[in-house]
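Quick notes on the structure that follows.
The values are calculated or read from the model by the stated rules, or taken from the named source; none is laboratory data. This one's a predicted model, so the numbers in the text were calculated from it and none came from an experiment. For neighbour counting, all protein chains shown are included, and Cβ atoms are generated from backbone atoms with ideal geometry for every residue, glycine included.
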Amino acid sequence: MTVNEIDKNTYTELWAALNERLAAVEADYGLGGALLALREQQRAAGFVREDLDALNRHRFEHPQQAGRFFSIQYNPRRAQRYAGIGRREPPAGVASLNGGCFLCRENIEWQQDGLQLGYDVRGLHRDYFALMNPYPLMPCHAVLVAREHVAQASPFAHPARELPRLALDLVSLAHRMPGFVGFYNGQGAGASIPGHLHFQFFRRPAGYGLFALESAVRPSTQVPGYPLNTLHWQGEIEAIAQQAGDWLCRWLKRLPADAQPSANLIASRSAADAETQIFVVPRDQRRMHAPGMKGAVGGLEVLGELVFSTEQEWDRVQRAEINYFTIESMLSAVSVPD
């Protein structure tokens with residue numbers, strides 16, 4: 001069934017029917033369970049082809065310091081994400097909103113011929129809906145999209161009010177999804193669709209353990225010895241969101257007038273207990289790319305797993321031209337002082 005064969009009411013009815021089923025799943029298994037069910041529905045519909053078993057992943061250990069490591073995944077499909085997926089022009093009689101933004105629900109209907117459906121997520125500062133990412137980095141890779149079309153950088157326009165709210169939405173979602181990891185990539189800090197506010201979440205792979213950044217955490221706000229300047233808070237979601245937002249506001253006030261600030265925010269909740277954590281990594285929009293890496297440095301790279309999407313990049317790994325210190329240097333190149 002294509003968008004030419006269904007009218008807007010039918011698409012709305014399909015969305016509503018799916019949401020009714022997923023709400024029942026969430027009631028029994030939480031928001032993470034609802035996203036897993038959404039993934040299965042989108043697989044059955046033919047929209048999502050999650051073939052992560054084909055990924056090549058390599059781990060680089062520090063030669064002298066046990067427990068310090070980075071990793072690289074070779075994921076060629078990620079190179080296609082900037083082009084989007086689906087049709088470019090709407091059919092006759094259908095309007096394209098906001099320049100054809102890939103994350104506006106009204107555009108998704110015609111761009112994906114009615115195949116892509118999402119799940120409405122409420123109870124936060126903003127209303128969001130969840131979509132499955134057609135170019136996944138990890139299992140059950142979802143995009144949590146603001147229902148309103150606002151820019152990814154919009155929280156920085158009114159930081160005192162909006163940055164704590166942004167952080168609270170992120171940690172609230174993480175708290176509702178134990179076992180998942182979520183992040184906000186600011187403009188110039190890994191956001192591939194900077195025109196529309198969104199988060200990304202994925203389920204932590206079974207047996208994967210901690211990411212490099214998580215393993216570097218010590219009982220202090222600063223994360224010592226990590227190549228990116230990083231702040232960390234853990235505890236009650238309202239408190240840590242406010243602390244993260246307040247720190248960003250103080251940092252912004254210290255910057256020169258010509259600065260182009262951005263940030264990565266990363267949140268997760270342990271599946272074993274109720275502890276929720278948030279990392280804040282201040283960024284400069286002019287330092288989006290690490291030397292020797294085609295893609296941008298976003299949330300997953302900040303966590304310590306670089307994504308290589310070209311054969312040339314992966315050849316460097318196979319020729320042993322990449323090691324722990326190479327990756328450390330690449331991440332250091334995009335770090336900014338606090």
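Numbers at a glance
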| quantity | calculated |
| --- | --- |
| Out of Ile278, Ile266, Ile327, sole residue that is out of contact with any Lys or Arg (no Cβ under 8 Å at 6 or more places or on another chain), touching a residue at least 24 places away in the same chain (Cβ under 8 Å), in a helix (DSSP H, G or I) and surrounded by 20 or more Cβ atoms within 10 Å (Cβ to Cβ) | Ile327 |
| Selection count, segment 205-219, where residues are farther than 14 Å from Val181 by Cα, in contact (Cβ under 8 Å) with a residue 12 or more places away in the chain and either touching a helix residue (DSSP H, G or I) at 6+ places or on another chain (Cβ under 6 Å) or not β-branched (Val, Ile, Thr) (or both) | 2 |
| Residue match in segment 130-153 (condition: in contact with a Ser or Thr (Cβ under 7 Å, 6 or more places away or on another chain) and of a type in the set (S, T, N, Q)) | no |
| Any hit, segment 134-145, residues being without any contact (Cβ under 8 Å) to a residue 40 or more places away in the chain and in a strand (DSSP E or B) | no |
| Within segment 156-205, considering residues that are small (Gly, Ala, Ser) and in contact with a His (Cβ under 9 Å, 6 or more places away or on another chain), the one farthest from Val307 (Cα to Cα) | Ser172 |
| Test for Trp251: is it within 30 Å of His149 (Cα to Cα), of a type outside the set (S, T, N, Q), out of contact with any Ser or Thr (no Cβ under 6 Å at 6 or more places or on another chain) and assigned to a helix (DSSP H, G or I) | yes |
| Some residue of segment 59-73 being buried (at least 16 other Cβ atoms within 10 Å of the Cβ) and at pLDDT below 90 | no |
| Output for segment 174-207, where each listed residue is at pLDDT below 95 and of a type in the set (Phe, Trp, Tyr) | none |
| Pick from segment 199-218, criterion among the hydrophobic types (A, V, I, L, M, F, W, C) and part of a strand (DSSP E or B), ranking: farthest from Leu31 (Cα to Cα) | Phe199 |
| Matching residues in segment 291-318 - criterion: being in a loop (DSSP other than H, G, I, E, B) and either at pLDDT below 95 or β-branched (Val, Ile, Thr) (or both) | Pro291, Gly292, Met293, Lys294, Gly295, Val297, Ser309, Thr310 |
| Arg161 part of a helix (DSSP H, G or I), in contact (Cβ under 8 Å) with a residue 12 or more places away in the chain and among the basic types (Lys, Arg) | no |
| Of residues in segment 18-57 being polar (S, T, N, Q) and either at pLDDT 95 or above or over 30 Å from Val317 (Cβ atoms) (or both), the one nearest to the chain's Cα centre (by Cα) | Gln42 |
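Matching residues to (1) of a type outside the set (Gly, Ala, Ser); (2) in contact with a Gly (Cβ under 8 Å, 6 or more places away or on another chain); (3) at pLDDT 95 or above:
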site: Val145; (1), (2), (3): yes, yes, yes
site: Glu148; (1), (2), (3): yes, no, yes
site: Pro164; (1), (2), (3): yes, yes, yes
site: Ser172; (1), (2), (3): no, yes, yes
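Here is a yes/no grid of residues against (1) of a type in the set (Asp, Glu); (2) under 15 Å from Tyr184 (Cα atoms); (3) under 22 Å from the mean Cα position of the chain (by Cα):
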site	(1), (2), (3)
Pro224	no, no, no
Gln242	no, no, yes
Ala274	no, no, yes
Asp284	yes, yes, yes
Ile322	no, no, no
Met330	no, no, yes
